[in-house]
Amino acid sequence: MVRPPEPYTPAMGSDPAGLVDITRDLLKAYTLTRRLTERYRSGALRFEELTALVGDSEASLLYRLKERCHALFRPDEGSGSEAVRPEALFDLAVGSLFHEAMKLRENLYQREVYGPKVRAVRGIAGASGGDAVRDRLVREMEKILAAAAQRLDEAVHETETLLTQTRDQFRILLAEHRENGLVCRYLVENASLVGEVFEEGFDTLLGEIYGEPSEAYALVARSYLCSGYFVEGRRALAEAIGIAGHRPDLDRLVAYADGMSAYLEGRYAAALEGLSHWLDARPPEPEGIYADLALAAASRMAQLAEGAEAASIAADAETLAKRIEPYSPRAARPPSA
């Protein structure tokens, strides 16, 4: 089991959204490749089916994956210090997988497109009499097709082998970037797809990467809350609590999520209560991004409150805003000139 998430700044691959794109394409490429190789062994695979997987344009999964890995993970020219990093190894694995799949594509094209034409020429040659030059050419093309058939079997085998090795290196890459909340969100949101790729099962994978599945859901919750998705964050917190039980850090974020959700729904009294509970249980280190959002909400509530309780809510909101200000990086930032 790996150690729980801790602060980490990678030398390469530090674009959170870029890692999400790579995660999505790798998982989809894995399942598609498995499906296509199964069709090959059943004799049903057709050349056009490979277009979505491999080709020389953005239309193919492996091409996009290769290009994104090159852009995000390759070190600067002349730098050899990053050669053994998980990012660099994953980039090499993806590149090798792409080129092996291209061999599969080329050999299948020869068998499917050129094979029938060569057989047709051979039939015409047999019916029309001798032509030494033509016959030698037909025999040579038949040799090429026979070799292509053998290479096709080899390419399928090598593609499957590289696919498994790339998947295993990807698992290491995920652990290296386990602090990336966007990637963790994608994994949780696509648990079924993840389960197709990793045979050990979704929860086991989360435990391997994040130390405990509950830590993964807590990370997902924090990512949602930082992005302003408070309902989704609350749901992820419920998952974490369901696994790990109540903990002060999780309960504090529940109060925050409930308060911010209530604010967006116009339930200002409930919003003030939730945010007050969150602030009362604040951690030793200020949660700056949460404080920024909470301060903005408290400031707006003082202006938006209406009805019989408007004056009371406005006063409480102003008091809350003053309590939040010391923890808000935005409030501490000097005004621009």
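Structural remarks
- Considered as a group, the residues in the range 23-36 that are of a type in the set (S, T, N, Q) and crowded, with 18+ Cβ neighbours inside 10 Å include one that is nearest to LEU152 (Cα to Cα), and that residue is THR33.
- Contact map, the range 189-218: first residue surrounded by fewer than 20 Cβ atoms within 10 Å (Cβ to Cβ), second residue assigned to a loop (DSSP other than H, G, I, E, B), Cβ cut-off under 7 Å, separation 6 or more or different chains; pairs are GLY195/GLY201; GLY207/MET1; GLU208/MET1; GLU208/VAL2; GLY211/MET1; GLY211/VAL2; GLY211/ARG3; GLY211/PRO4.
- Number of residues in the range 18-53 that are at pLDDT 95 or above and in a loop (DSSP other than H, G, I, E, B): the value is 1.
- Options ARG252, ARG282: the member that is within 33 Å of the chain's Cα centre (by Cα), within 29 Å of GLU212 (Cα to Cα), assigned to a helix (DSSP H, G or I) and of a type in the set (D, E, K, R): ARG252
- Index of the failed condition, GLY207 passing every other in (1) assigned to a helix (DSSP H, G or I); (2) closer than 22 Å to LEU62 by Cα: (2)
- Set THR161, THR166: member being in the same structural domain as ASP25 (by TED's automatic domain parsing), over 20 Å from ARG24 (Cβ atoms) and outside any loop (DSSP other than H, G, I, E, B): THR161
- Selection status of GLY259, surrounded by 20 or more Cβ atoms within 10 Å (Cβ to Cβ), in the same structural domain as TYR217 (by TED's automatic domain parsing), of a type outside the set (S, T, N, Q) and under 22 Å from ALA236 (Cβ atoms): yes
- Checking each residue in the range 59-73 for being at pLDDT 90 or above and either in contact with a strand residue (DSSP E or B) (Cβ under 9 Å, 6 or more places away or on another chain) or not aliphatic (A, V, I, L, M) (or both) picks out SER60, TYR63, ARG64, LYS66, GLU67, ARG68, CYS69, HIS70.
- Residues satisfying the stated conditions in the range 171-203, i.e. of a type outside the set (Gly, Ala, Ser), outside any helix (DSSP H, G or I) and out of contact with any Asp or Glu (no Cβ under 8 Å at 6 or more places or on another chain): HIS177, ARG178, ASN180, ASN190, PHE198, GLU199
- Scanning the range 39-53 for residues that are within 17 Å of THR164 (Cβ to Cβ) and surrounded by 12 or more Cβ atoms within 10 Å (Cβ to Cβ) gives TYR40, LEU53.
The values are calculated or read from the model by the stated rules, or taken from the named source; none is laboratory data. Computed from a predicted model, the values in this text were never measured in an experiment. For neighbour counting, all protein chains shown are included, and Cβ atoms are generated from backbone atoms with ideal geometry for every residue, glycine included.
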